[in-house]
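K.L.:
Handing you this structure, nothing more for now.
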Amino acid sequence: MTTITGRIDVVRDGAPHTVLNYSSPPTITMVSSAEICLAMQGELLNNPAVNYLTDELVPICIIDDVEYQLGVFVPGTVETRIANGQKIDAVEAYDRTLKVKQTRLEKRLYIAKGTKYSEVIKELLFLSGISIIIEDASEEVLQTDREEWEVGTSHLAIINELLAEINFYPLWFDLKGYAHLERITSLIDAQIDHTYRNDEASIITDASSSTLDVYDAANVFVAIYNNPETDEVWTATAVNDQAFSSLSTVRRGRRIMADPIRVDNIASQAALQEYVDNIRNESLLSTEVVTFSTALNPVHQINDIVAIDNDDLQGIYEETGWIINMGPGQLMQHTARRILVV
């Protein structure tokens, strides 16, 4: 029989400091579309050695004596109360994105033309207290001098704006607390991170929905960059001409163009083409969303790809959310979008 226990390690200045126990099992939530993807809620037994203003919280889930780290969290709100003679801290905490969001410009930011995007982003992360970064390589540079961010703008807003200009996902942190700078890739060719089968984990399908407006669905996409500070005007076009897609120019026998997308800042002509290609690739995918439950699996990250082969549910899905309750006997709740070409 599987045994599940847990604890909250408290980290100070990067080193273990003390341990927090809890009165009821904490809940870890992932929402990939949120500005801060990972959150933790829990009622923790008060420990006077903890400083919620500076310490970080690391939930550890223990399954059959094997320990799994479920994130590194920065306390956001703490409410202390007395219950049954015990001092309880009701804590809401968020992954290290919160540090980047809370760090703001104290003077106007100037970035010179020709500066690498990656250098600016990593410098802003460092100034936010983030030092461990996993990044995809990028040699893209800024096309103009940039000074549009006012005093008080969060580092997170600037970083995510710059990441978008080089076709990277917004900043996210994994369960080890490492920052990720990751290039957007096509889900059609994505590698599977987890597989659930009848003989490996129970799957309970809760609901599913699917919507597709095919009447106006475009198969031609155009993006235009025209910055008055440069002499360049760039245009990029992406066409869905795939025979396997029911929306393609081949299958429908006509070109249906979406409204042109005007881009104020982009790293290069190649980046503009990649940008519009990503929009085209996204248009190929189904909007079908499913929710399901499994046995607790504490190694899921952000936007993992899940394959399911079950009596009630089959296919490959991009995981858009999950909830883990660290209590024994609890199921893990998942939300996912089916990767299905339309």
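K.L.:
Give LYS87/LYS176; LYS107/LYS176; LYS113/LYS176; LYS101/LYS122 a once-over and call out the pairs whose C-alpha atoms are over 24 Å from each other. Before the final figure, lay out each step's value.
P.N.:
On the way: LYS87/LYS176 29 Å; LYS107/LYS176 32 Å; LYS113/LYS176 35 Å; LYS101/LYS122 14 Å.
Listed pairs above 24 Å: LYS87/LYS176; LYS107/LYS176; LYS113/LYS176.
K.L.:
Here is a follow-up. What net charge is computed for the residues neighbouring GLY327, neighbours being all others with C-beta under 14 Å from the C-beta of GLY327, Lys and Arg scored +1, Asp and Glu -1?
P.N.:
Details: positive: ARG7; negative: GLU43.
Residues close to GLY327 contribute a combined charge of 0.
K.L.:
Per the 1.4 Å probe, what fraction of the accessible area of the chain, in percent, lies on carbon and sulfur atoms? Numbers along the way, then the final one.
P.N.:
Numbers: 8310 of 17070 Å².
C and S fraction of accessible area: 49 percent.
K.L.:
What Kirkwood radius, in Å to one decimal, follows from the Cα pairs of segment 238-342?
P.N.:
Working: mean 1/r = 0.0602 Å⁻¹.
This gives a value of 16.6 Å.
K.L.:
Taking the Cα centre of the chain as origin, work out the dipole magnitude from +1 charges on Lys and Arg Cβ and -1 charges on Asp and Glu Cβ, in debye rounded to 20.
P.N.:
Details: 25 positive and 51 negative charges, 83 e Å.
Dipole magnitude for the chain comes out near 400 debye.
K.L.:
Still on this structure: Can you work out the accessible area per residue across segment 248-342, with the rest of the protein chains kept in place, probe 1.4 Å, in square angstrom? Could the numbers behind the result be given before it?
P.N.:
Working: 4130 Å² over 95 residues.
It amounts to 44 Å² per residue over segment 248-342.
K.L.:
Ok, one more. If you average 1/r over every pair of different alpha-carbon atoms in segment 293-342 and take one over that average, what Kirkwood value in Å do you get? Show your work: numbers first, answer last.
P.N.:
Numbers: mean 1/r = 0.0854 Å⁻¹.
Over segment 293-342, the inverse of the mean reciprocal pair distance is 11.7 Å.
K.L.:
Taking 0.36 nm per intervening residue step and subtracting the Cα-Cα distance, what contour gain separates VAL299 from ARG252 on full extension? Before the final figure, lay out the partial values.
P.N.:
Working: separation 47, 0.36 × 47 = 16.92 nm, distance 4.24 nm.
The VAL299-ARG252 span can extend by a further 12.7 nm.
K.L.:
Okay, next question. How large is ³J(HN,Hα), in whole Hz, for each residue of segment 250-260 in order, when computed from phi with the Karplus curve 6.51 cos²θ - 1.76 cosθ + 1.60 and θ = phi - 60°, using x for Gly and Pro?
P.N.:
Values per residue, Gly and Pro as x: 5, 6, 8, x, 7, 9, 10, 8, 6, 4, x Hz.
K.L.:
If you don't mind, there's one more thing I want to ask. Please list the non-local residues whose amide H lies under 5 Å from the amide H of ILE339, H modeled 1.01 Å from N, same-chain partners needing a gap of 5 or more.
P.N.:
When sequence neighbours closer than 5 places are left aside, the close amide H contacts are ILE316, TYR317, GLU318.
The values are calculated or read from the model by the stated rules, or taken from the named source; none is laboratory data. Every value quoted in this text rests on a predicted model; they were computed, and no experiment measured them. In this analysis, Cβ positions are derived from the backbone assuming ideal geometry, glycine residues included, and neighbour counts consider all displayed protein chains. Heavy atoms of the whole protein, side chains included, go into the accessibility calculation; ligands, DNA and RNA do not. Shrake-Rupley method; radii C 1.70, N 1.55, O 1.52, S 1.80 Å.
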